[in-house]
Amino acid sequence: MSAAASTVGASTVALPDGGGQLALSWAAQTNTGLKRSGNQDSYLAAAPVFAVADGMGGHAAGDEASAAVVARLAEYISGDFASTDEIAQALRHASDDIGEIAGSHDRAGSGTTVTGIALTIQGQRPYWAVFNIGDSRVYSLLDGVLTQLTVDHSAVQAMVDAGSITAVEAESHPNRNIITRAVGFGKNPVPDLWFIPVAEGSRLLICSDGLTKEVDADLIRLLLSEAIDADDAAGLLLEAALAAGGRDNVTTVVVEVVRSDEAADADATLPRFD
């Protein structure tokens, strides 16, 4: 879904082996921003998967590339819980779709970022499968602590990892818009993947860089913490990005774990795969 749009929803699912219930609520908003003529962001907000894609390759091609990713995720992931095989299959087919889109627009370079969370079962317990390609991000807020769950695939993040610049310097670096991994461009999409326990009372934010390049982590934490519900949080974050200049398209998806009868163990986070 792209252009200016919003979504709200909620669901309750039964956990395996009589483990009780899991209740979620969510909301999403997207906006072209104040400087762009079109919106190349797309999102999917429908349990069990929530994702944001930020297209590249010119207006029409970028819009269609991001839409292709969320469409394939919606097509291949159904039911109460997702699998990593379904995520991988969706991304592979989306990459093929984007190749066709690039050809139809006579563009050699069309692609998109994609990041998101999918509700999975690991060892009979509910986990979020957090997946990422590019520099859109996933954050988690739990007990007032904001954690960035994804790692950007960008030139400046590589420099930060190498110790040549600091994270603060990366925010204003001239190469901050260079992406090192994407869906499309004729390459096999390889997402980073983490498994995070589902925790009652947590709020998860999936967003494009139109938010994170305008709003710092402290304000993101404050707005997520103070919001009444997921819909309020998504709106407050988007409004903050616009108030700060709105130089890019902005998309915010907020998912709240309203109830989980399976107690989460913070130490049960599974290893990252990439």
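Taking the criterion of being open to solvent by 20 Å² or more (accessible area, probe 1.4 Å), under 19 Å from Ala53 (Cα atoms) and part of a strand (DSSP E or B), the residues of segment 4-38 that qualify are Ala5, Ser6, Thr7, Val8, Trp26, Gln29, Asn31.
Can you name every residue in segment 39-48 that is more than 20 Å from Ala240 (Cα to Cα), open to solvent by less than 20 Å² (accessible area, probe 1.4 Å) and over 13 Å from the mean Cα position of the chain (by Cα)? Break it down into steps so the answer makes sense when it comes.
Going through segment 39-48, the residues more than 20 Å from Ala240 (Cα to Cα) turn out to be 44-48.
When the remaining residues are screened for being open to solvent by less than 20 Å² (accessible area, probe 1.4 Å), the result is 45, 48.
Hit for segment 39-48 is Pro48, nothing else.
Would you confirm, using the coordinates I've provided, whether Asp96 is surrounded by fewer than 24 Cβ atoms within 10 Å (Cβ to Cβ) and part of a helix (DSSP H, G or I)?
Yes, satisfied.
Annotation note: Cβ proximity below 8 Å between a residue of segment 223-247 that is free of Cβ contacts under 8 Å to residues at least 40 places away in the same chain and closer than 20 Å to Ser37 by Cβ and a residue that is open to solvent by less than 10 Å² (accessible area, probe 1.4 Å) and of a type outside the set (Gly, Ala, Ser) (sequence gap 6+ or interchain) occurs for Ala244/Val215. In segment 52-59, the condition of being of a type in the set (A, V, I, L, M), open to solvent by 40 Å² or more (accessible area, probe 1.4 Å), at negative phi and touching a strand residue (DSSP E or B) at 6+ places or on another chain (Cβ under 8 Å) is met by at least one residue. Just to verify a result, which residue in segment 121-155, among those that are under 16 Å from the mean Cα position of the chain (by Cα), assigned to a strand (DSSP E or B) and among the β-branched types (Val, Ile, Thr), is modelled with the lowest pLDDT? Checking each candidate, the answer is Ile133. May I ask you to verify whether Gly62 is free of Cβ contacts under 8 Å to residues at least 60 places away in the same chain and crowded, with 24+ Cβ neighbours inside 10 Å? The answer is yes for Gly62.
Of all residues in segment 220-248, those satisfying the criterion of being open to solvent by 40 Å² or more (accessible area, probe 1.4 Å) and either in contact with a Cys (Cβ under 9 Å, 6 or more places away or on another chain) or small (Gly, Ala, Ser) (or both) are Ser225, Ala243, Ala244.
Residues that are of a type outside the set (Gly, Ala, Ser), surrounded by fewer than 23 Cβ atoms within 10 Å (Cβ to Cβ) and farther than 12 Å from Thr84 by Cα within segment 113-136 comprise Gln124, Arg125, listed in sequence order.
I'd like the residue in segment 185-219 that is assigned to a helix (DSSP H, G or I) and of a type in the set (A, V, I, L, M, F, W, C) and, out of all such residues, is least open to solvent (accessible area, probe 1.4 Å). Before you say what the answer is, go through the steps one by one.
As a first pass, look at segment 185-219 and keep what is assigned to a helix (DSSP H, G or I): 209-212, 217-219.
Cutting the leftovers down to of a type in the set (A, V, I, L, M, F, W, C) gives us 211, 217, 219.
Values: Leu211: 0, Ala217: 52, Leu219: 65 Å².
Here the answer is Leu211.
The values are calculated or read from the model by the stated rules, or taken from the named source; none is laboratory data. Model, not experiment: these values are computed from the prediction. FYI the Cβ positions are ideal-geometry reconstructions off the backbone, even for glycines, and counts take in every protein chain you see. The protein model used for the area step is the full one, side chains on, heavy atoms only, and it has no ligands, DNA or RNA in it. Shrake-Rupley method; radii C 1.70, N 1.55, O 1.52, S 1.80 Å.
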